[in-house]
Amino acid sequence: MRAQVSRRTIFAFIGPAVFGLAIVGIAPLLYAGWTSLHFFNLTKLKRIKFIGLENYWSVLTDEVFWQAMGRTFFLLCTALPLQIALGLGIALILHKPGLGLLKTLARLSLVLPMATTYAVVGLLGQVMFNQKFGVVNQLMGGANVNWIGDPTNAFAMIIFWDVWQWTPFVALVLLAGLTMVPGEVEEAARLETKSWWVVLRHVQLPFLLPGLVAVLILRTADTLKLFDMVFTLTRGGPGSSTEFISLMIQRVGFRGFDQGLASAQAIILLIITIVLAQIYIRVFYKEV
Amino acid sequence: MNTSRSLLWQIVLILVIIAVCVFPFYWMVTTSLKTQIVALEAPPVWLFEPTLQNYREALFEDAVLRTLINSLIIAVCTTALALLLGVPAAFALARFEFRGKKDLWFWFITNRMVSPIVLALPFFLIARSLNLLDKHITLILIYLTFNLPIVIWIVTDQFRGIPYDLDEAARLEGASQFTIMRKICLPLAMPGVAVSAIFSFIFSWNELMFGLILTRTEAKTAPAMAVSFMEGYNLPYGKIMATSTLIVIPVLIFALIASKQLVRGLTMGAVK
């Protein structure tokens, strides 16, 4: 039984929020659309001129753009499986009965990484992964690995921090799913079989699915957004080995000053994001 | 025998989990207490005489204190604004039936997914032409793009959990919808409102990119300040870690306070 209220009342409640979000969320997008149709360079502001879809054509045929896009999805495809595998392991360990206090302590520690300022994670990376005085090389038995200056190692380092920061999140999501399994169902299953895998696959998995879907959607979005941590850690380097899509657009727009081209890139990224969101929601979120 | 061994394994693994989560913070804090000479020792030293020199320098000589205050002002104001706009909208989404509700919902989902760089480019140009660069209000407004959706999301969820009977009774007494929201539903929805406020604060406090692009000195945020120490050679690592520690402590405290609701909030209610 929902209240029948006048349109005026509805508007009074919801109007300010819609208006606010339209001003900060939509107006800038329209402006970006306008910019993307122009030659618009911050160092040559006198020469702004309409060039139609030329910027879009440049982006679509630009190898650098698609490489950054590919790199972004490569990061997602390497970090996410690790996060899910480790997160599931952690969730199963914490789901076992007993050890109340220790488990509470673990759950509190898991909260810390995901709340940490992304920029600080990057700065920590600078300190901990330094080749000479970094603690990571020391803990690896005095190894002399050049983490920040080598393309492959730098990428591995980014994966490490992404996994460090977001595995706890996956673990807590899956743990919440595990606790949804009715106790008597799980006990009955454990009487039937000794294999934890069978229990996981046939009893627990259905309860984990909504969480896994949410993780998939959010990690995809966050990887497309990834900027702060990489910017403070490698600035996209060495070369362009860790230049993910958001970093690339920032470089073109603010270090290359080509706002027109960067806006076209941003709009294309926006379209890709919306298409992905639509697909995800259609496929997974039917009930919404 | 078998069970005690598996228990031992469980204890060891849990300790490993805790250690991996906490170690970077331990290293951050200890590095912040090192002098530059100790910080640059290779291999790194674990035992040394701690000093507060880095904090003193960072806070009072390099104006980190001011950037922390800027971050605080911006995070508090944007959170207040997000609640002011978001709570009534959440009430409408939870209680009223109207056309376009689903589209509105989808709009909020995509808002959560859009990369901030997409907005940063036009925002920079608009702020520049309106003379709004390096002003607190600019960041306060732009942070609404992620705070408002999260407030609406969490609070709607909370309002839905409140039984309609209460509304019904109040309406028979002649109360307006606004009164019903303020006097009946809002007090009951306070836990959700508080959690969404904490989220909004954490996200705003942690944000770097907009701060970097849209501020210079007057409204510079603390993360942007920490990054500005990264210029040149011979980086002041101790000072960078001291600044990082000062930035991270408040969010960690908030996160621990809200730890029970953190997962639910981050997944926008997909996980109870």
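Every number here is computed from the coordinates shown, using simple stated rules; none is lab data. Predicted model, so just to flag it, every value in this text is computed and none were measured. Methodologically, a virtual Cβ is constructed for each residue, glycine included, from the backbone with ideal geometry; neighbour enumeration extends over all protein chains shown.
Can you give the extra length, in nm with one decimal, that the chain gains between A:ARG7 and A:GLU192 once fully stretched, where that is 0.36 nm per residue apart less the Cα-Cα distance?
Numbers: separation 185, 0.36 × 185 = 66.60 nm, distance 5.78 nm.
Additional length available on full extension: 60.8 nm.
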For A:HIS38, enumerate residues with amide H under 5 Å from its amide H, sequence gap 5+ or separate chain, H modeled in the peptide plane. A:ILE51
Cα convex hull of the range A:7-50 - mean projected area over all directions, nm²: 4.1 nm²
How big is D, in µm² s⁻¹, for the range B:20-97 by Stokes-Einstein at 25 °C and 0.890 mPa s if Rh is the Kirkwood radius over C-alpha pairs? 149 µm²/s
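Would you mind counting up the charge near A:PHE39? Only other residues with Cβ under 12 Å from its Cβ, with Lys and Arg at +1 and Asp and Glu at -1.
Working: positive: A:LYS44, A:LYS46, A:ARG47, A:LYS49; negative: A:GLU54, A:ASP258.
Charge balance near A:PHE39 sits at +2.
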Under Karplus coefficients 6.51, -1.76 and 1.60, residue-wise ³J(HN,Hα) of the range A:139-155 in Hz, glycine/proline x: 5, 8, x, x, 5, 10, 7, 8, 6, 7, x, 10, x, 5, 5, 4, 5
In nm, to one decimal, how far is the B:THR3 label point from the B:THR179 one, both placed 7 Å along Cα→Cβ? 6.1 nm
Out of A:ARG71, A:ARG107, A:ARG201, a Gaussian network model of chain A with alpha-carbon springs under 10 Å gives the largest mean-square fluctuation to A:ARG201
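Could you pull out the pairs from A:LYS225/B:LYS102; A:LYS44/A:LYS225; B:LYS34/B:LYS220; A:LYS103/B:LYS260 whose alpha carbons sit more than 20 Å apart here?
Pairs exceeding the cut-off: A:LYS225/B:LYS102; A:LYS44/A:LYS225; B:LYS34/B:LYS220.
So, R0 is 41 Å and r is the distance between the beta-carbons of B:ALA194 and B:GLU61; what FRET efficiency does that work out to, to 0.05?
Numbers: r = 37 Å, r/R0 = 0.90.
E between B:ALA194 and B:GLU61, to the nearest 0.05, is 0.65.
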Positive minus negative residues near B:PHE48 (Lys, Arg vs Asp, Glu; Cβ under 13 Å): -1
Taking all pairs of distinct Cα atoms, average 1/r, flip it, and tell me the Kirkwood hydrodynamic radius of the range A:56-284 in Å to one decimal place. 19.7 Å
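Counting pairs of Cα atoms in the range B:63-228, how many percent are more than 28 Å apart? Present the calculation step by step, with values, prior to reporting the outcome.
Values: 4311 of 13695 pairs.
Summing the P(r) of the range B:63-228 above 28 Å gives 31 percent of all pairs.
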Can you give me the pair-distance distribution of the protein assembly as shown, C-alpha pairs, 20 Å bins, whole percents? 19, 53, 26, 2, 0
Any chance you could list P(r) for the range A:1-140, counting all Cα-Cα pairs in 10 angstrom bins from zero, rounded to whole %? 8, 14, 21, 21, 23, 10, 3, 0
Column: log10 I(q)/I(0), Debye, Cα scatterers of the range B:119-210, q = 0.12, 0.16, 0.18, 0.25 Å⁻¹: -0.54, -0.74, -0.82, -1.18
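Using only helices, what value at 222 nm comes out for chain B when you add -39,500 (n - 2.57) per DSSP H run of length 4 or more and divide by the total residues, to the nearest 500 deg cm²/dmol? The partial results should precede the final answer.
Numbers: 14 runs with 194 residues, N = 272.
Estimated from H runs of four or more residues: -23000 deg cm²/dmol.
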With only Lys, Arg, Asp and Glu charged, each at its Cβ (+1 for the first two, -1 for the last two), find how big the charge dipole of the protein assembly as shown is about the Cα centre; round to the nearest 20 debye. 820 debye
Please build a GNM for chain B, connecting alpha carbons under 10 Å apart, and tell me which residue among B:ASP165, B:ASP134, B:ASP157 fluctuates the most. B:ASP165
Pull up all non-local amide H partners of B:ASP134: gap of 5 or more, or a different chain, and H-to-H distance under 5 Å with H placed in the peptide plane. B:THR215, B:ARG216
